[in-house]
Structures are given as structure tokens and as C-alpha cells.
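Trainee: Below is one structure. I have some questions about it.
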Amino acid sequence: MTASLRIRVATPADAAAIARLQSASWRVAYREVLSDAYLDSDIDTERLSVWSECLNAPAPNQHVAVAERAGRVVGFACAYGAYDGRWGTLLENLHVSDEAKRQGIGASLMAHVAAWSLQAHPGLGMYLWVIVSNAPARRFYERLGALDAGEDFWLPPDGGSVPKLRYVWPDPATLLQFG
Ligand SMILES: CC(C)(COP(=O)(O)OP(=O)(O)OC[C@H]1O[C@@H](n2cnc3c(N)ncnc32)[C@H](O)[C@@H]1OP(=O)(O)O)[C@@H](O)C(=O)NCCC(=O)NCCS
């Protein structure tokens with residue numbers, strides 16, 4: 001029997017699991033985008049320091065959620081409510097561990113963030129940035145009804161400039177059906 005999925009608000013005790021998941025996910029999803037030297041460096045420690053700070057001293061508009069199965073974190077999302085006057089709540093991070101992909105966990109996290117945003121910041125939309133070359137993530141967001149609303153460049157930590165797209169949901173309620 002498959003253990004059931006639980007989505008809950010993250011606590012400081014989740015920092016290490018979130019950092020590990022994000023580092024592993026970057027190493028796969030961003031292999032062609034970031035340099036090998038950067039991805040193969042100790043990004044786990046750098047991520048741990050970032051997430052420890054985020055979870056111990058959260059910004060007032062921050063919402064971090066983890067998806068947990070059998071006591072293990074298998075996905076997480078981080079959003080900032082009312083981040084942009086025009087586009088609304090920013091979904092800054094969404095990652096699902098490799099072995100848990102295509103099981104609806106990403107979609108459930110999106111629905112969870114949408115529900116939080118609707119409650120905390122009613123009347124606002126939701127948006128995110130996705131790297132143009134991240135085809136799997138783009139297909140995922142498009143499947144969830146994202147609208148393409150412009151292009152910009154991401155300046156990654158190891159230098160360079162990477163094209164990215166703004167994907168938006170003017171009404172986050174359309175995401176609730178995926179929860
Ligand atoms: C993008 C990501 C969060 C999706 O999470 P997930 O849990 O695998 O997605 P779901 O199972 O909820 O997918 C829902 C639907 O989206 C679509 N979809 C998801 N991944 C897809 C892929 N790789 N290719 C095509 N369609 C995809 C499918 O229609 C899927 O439904 P189906 O499996 O019944 O066909 C996950 O692949 C991930 O962590 N990627 C690496 C990190 C990343 O790129 N994050 C986004 C940064 S902007």
C-alpha cells in the first residue's frame with residue numbers, strides 16, 4: 001500500500017531536508033544551465049544556511065510548505081504573498097524529489113499554495129519564473145493552466161544570463177482542482 005501524502009507548513013526542523021531536496025533537484029534540472037563546477041560544489045551547505053535562515057526568521061509574507069510521505073519530505077514549495085503589485089503572489093521554489101515525480105505531488109503543492117494565497121491575499125493572482133529550457137517544468141505549469149506573461153533573464157549564482165518566462169494564474173482558484 002502506498003503511504004498517504006501530507007502537505008503541511010514547514011518548520012525550522014525541515015531546513016536540512018529541504019536543502020538536500022533542492023540541491024539534488026538543481027543537479028538534475030539545471031545541469032545544462034549552471035556550471036558543473038557550481039553544481040558539484042557543496043551547494044548542500046549553502047542551501048542549508050539559506051533555508052535555516054528562511055525558516056528561523058521568516059519574512060512576514062513567506063509561506064513554505066512540505067509534502068511528506070511516510071515521514072519523509074518528498075517535495076516543497078516556497079511562496080511570497082503579494083510580492084508584485086501587478087502579478088500577485090510569487091511562487092519562488094517548487095521541487096519534487098526524483099523518485100516521487102509524476103504522482104501528483106507538484107500539483108498538490110501548487111493547489112496548497114493557491115489556497116494559502118487566496119486566503120492570505122484575496123483578489124491577487126499568482127506567478128513564477130521558469131527557465132525557458134526547463135521543458136518538463138513548463139509542461140507541468142502549462143498543464144495546470146499557466147499563462148505566459150513575458151520574458152526576462154535570470155542571473156545565476158555562478159555567472160551568465162539565462163532566459164526565463166513569467167507564468168501567471170490571474171485567479172489562483174483555478175489551481176484548487178489539482179489538490
Ligand atoms: C516540475 C515538478 C515540480 C512537477 O512535479 P510532479 O510532482 O512531478 O508533477 P505532477 O505529478 O503533479 O504532474 C501533474 C501533471 O503535469 C504534467 N507534467 C508533470 N511533469 C511533466 C513532465 N516531465 N513532462 C510532461 N508533463 C509533465 C503532467 O500532465 C502531469 O500529469 P500526469 O502525470 O497525470 O500526466 C517536478 O518535475 C520537479 O521538481 N522538477 C525539478 C525542479 C523544477 O524544475 N522546478 C520548477 C522550477 S520553476
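Trainee: Which trypsin sites (Lys or Arg not before Pro) does the range 98-179 hold that lie in a coil by DSSP with at most 10 other beta carbons within 10 Å? Working shown, then result.
Mentor: Details: sites: LYS101, ARG102, ARG138, ARG139, ARG143, LYS164, ARG166; in loops: LYS101, ARG102.
Those that pass, being in a loop and sparsely packed, are ARG102.
Trainee: At 7 Å along the Cα-to-beta-carbon direction for both ASP152 and SER35, put a label point, then send me their distance in nm to one decimal.
Mentor: 2.5
Trainee: Rounded to two decimals, what is Rg over Rh for the chain when you use alpha-carbon atoms and the Kirkwood radius? Numbers along the way, then the final one.
Mentor: Numbers: Rg = 15.6 Å, Rh = 16.7 Å.
For the chain, the value is 0.94.
Trainee: Sticking with this structure for a sec: How much of the accessible area of the chain, probe 1.4 Å, is carbon plus sulfur, in whole percent?
Mentor: Working: 4840 of 9140 Å².
With neighbouring chains kept in place, the figure for the chain is 53 percent.
Trainee: Something else: For ASP14, ASP98, give the ranking by accessible area with the largest first, probe 1.4 Å. The partial results should precede the final answer.
Mentor: On the way: ASP14 10, ASP98 95 Å².
From most accessible down to least: ASP98, ASP14.
Trainee: Related question: Could I have the simple spin-label model distance between ASP171 and GLU92, label points 7 Å from Cα toward Cβ, reported in nm to one decimal?
Mentor: The answer from the label model is 2.9 nm.
Trainee: Next question. Calculate the dipole size of the range 5-178 relative to its Cα centre from +1 charges on Lys and Arg beta carbons and -1 charges on Asp and Glu beta carbons; express the result in debye to the nearest 20. Show your work: numbers first, answer last.
Mentor: On the way: 16 positive and 19 negative charges, 131 e Å.
In total the dipole reaches around 620 debye.
Trainee: Could I ask something else about it? Under a 1.4 Å probe, what is the accessible area of the range 5-178 per residue, stated in Å²?
Mentor: Values: 8590 Å² over 174 residues.
Using a 1.4 Å probe on heavy atoms only, each residue of the range 5-178 averages 49 Å².
The values are calculated or read from the model by the stated rules, or taken from the named source; none is laboratory data. Every value quoted in this text rests on a predicted model; they were computed, and no experiment measured them. Note that each Cβ is placed from the backbone with ideal geometry, even for glycine, and that neighbours are counted across all protein chains shown. Ligands, DNA and RNA are excluded from the accessible area calculation, which covers all protein heavy atoms including side chains. Shrake-Rupley method; radii C 1.70, N 1.55, O 1.52, S 1.80 Å.
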